[in-house]
Amino acid sequence: MKMDTNMSELALFGGPKTVTKTFSHYNSIGKEEIEAVKSVVETGVLSDFLGSWGSKFFGGKKIQELERAWEKSFKVNHAVTVNSNTSGLIAALGAIGVEPGDEVIVSPWTMSASATSILVWNAIPVFADIEDETFNLDPVSIEKNISPYTKAIMVPDIFGACR
Ligand SMILES: Cc1ncc(COP(=O)(O)O)c(C=O)c1O
């Protein structure tokens with residue numbers, strides 16, 4: 001990104017703000033979501049997961065309903081819920097069989113869990129460079145970093161710009 005801006009004038013360094021209006025908060029939680037949460041809370045059982053083999057190993061009724069709905073919606077055989085995106089990344093890397101010493105190419109400009117989820121498997125995060133306009137991984141740099149040890153490429157999109 002080429003800018004003619006004088007760095008000392010940036011708002012970050014005390015200069016005038018480029019955008020002064022405030023953005024309204026988007027609330028994706030409506031009556032339906034509140035009722036759904038209420039119906040679970042009222043049962044007094046939040047998870048119903050049981051950490052030993054049996055039907056409850058797959059979570060409670062609502063969890064299983066959600067997973068089946070996602071399978072249908074995405075036309076896939078299996079959907080697995082997780083408690084966080086970090087857990088999801090760890091699970092995804094395990095699912096594709098990442099092993100100790102494997103390399104996974106990843107962006108250096110994203111949340112730390114992208115790289116640390118790779119370390120969980122004793123695999124090696126290899127940072128490719130990002131594009132200066134989208135801040136997403138640069139395909140040319142990805143290619144340069146592919147080695148005989150590359151097992152996967154993790155491509156987080158930044159700011160919703162997934163191109
Ligand atoms: C790209 C990316 N990966 C992973 C995470 C981790 O998500 P969580 O906090 O749900 O574990 C975040 C959270 O902001 C994220 O932005």
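The values are calculated or read from the model by the stated rules, or taken from the named source; none is laboratory data. Here the structure is a predicted model, which is why all the values come from computation and not from measurement. Every residue, glycine as well, gets a Cβ built from its backbone with ideal geometry; the counts of neighbours run over all protein chains shown. Surface areas here come from the heavy atoms of the whole protein model, side chains and all, with no ligands, DNA or RNA. Shrake-Rupley method; radii C 1.70, N 1.55, O 1.52, S 1.80 Å.
Of all residues in the range 130-152 being touching a residue at least 12 places away in the same chain (Cβ under 8 Å) and part of a loop (DSSP other than H, G, I, E, B), which is farthest from residue 102 (Cα to Cα)? Ranking the qualifying residues of the range 130-152, first place goes to 133.
Using the structure shown, decide if residue 72 is loosely packed, with under 15 Cβ neighbours inside 10 Å, within 30 Å of residue 40 (Cα to Cα) and of a type in the set (D, E, K, R). Taking the combined requirement at face value, the residue satisfies it.
Whenever a residue of the range 73-101 is more than 19 Å from residue 113 (Cα to Cα) and free of Cβ contacts under 8 Å to residues at least 12 places away in the same chain, its partners that are aromatic (Phe, Trp, Tyr) and open to solvent by 40 Å² or more (accessible area, probe 1.4 Å), lying with C-beta atoms within less than 9 angstrom and at least six residues away or across chains, give the pairs 76/70. For residue 112, are the conditions met, namely being among the small types (Gly, Ala, Ser), closer than 27 Å to residue 48 by Cα and either within 15 Å of the ligand (Cβ to nearest atom) or modelled with pLDDT of 95 or more (or both)? For residue 112, the condition - among the small types (Gly, Ala, Ser), closer than 27 Å to residue 48 by Cα and either within 15 Å of the ligand (Cβ to nearest atom) or modelled with pLDDT of 95 or more (or both) - is not met.
Mind checking which residues of the range 115-129 are open to solvent by 40 Å² or more (accessible area, probe 1.4 Å), within 14 Å of the ligand (Cβ to nearest atom) and touching a residue at least 24 places away in the same chain (Cβ under 8 Å)? Spell out how you get there, then give the answer.
To start, the set of residues in the range 115-129 that are open to solvent by 40 Å² or more (accessible area, probe 1.4 Å) comprises 116, 119-122, 124, 127, 129.
Filter once more, so that each one left must be within 14 Å of the ligand (Cβ to nearest atom): 116, 119-120.
116, 120, listed by residue number.
Taken over the range 9-28, residues that are surrounded by 10 or more Cβ atoms within 10 Å (Cβ to Cβ) and either β-branched (Val, Ile, Thr) or assigned by TED's automatic domain parsing to the domain that holds residue 66 (or both) amount to 0. All conditions in (1) at pLDDT 95 or above; (2) open to solvent by 60 Å² or more (accessible area, probe 1.4 Å) hold for residue 132, with the sole exception of (1). Looking only at residues in the range 83-102 that are outside any helix (DSSP H, G or I) and more than 22 Å from residue 158 (Cβ to Cβ), the one that is most open to solvent (accessible area, probe 1.4 Å) is 83.
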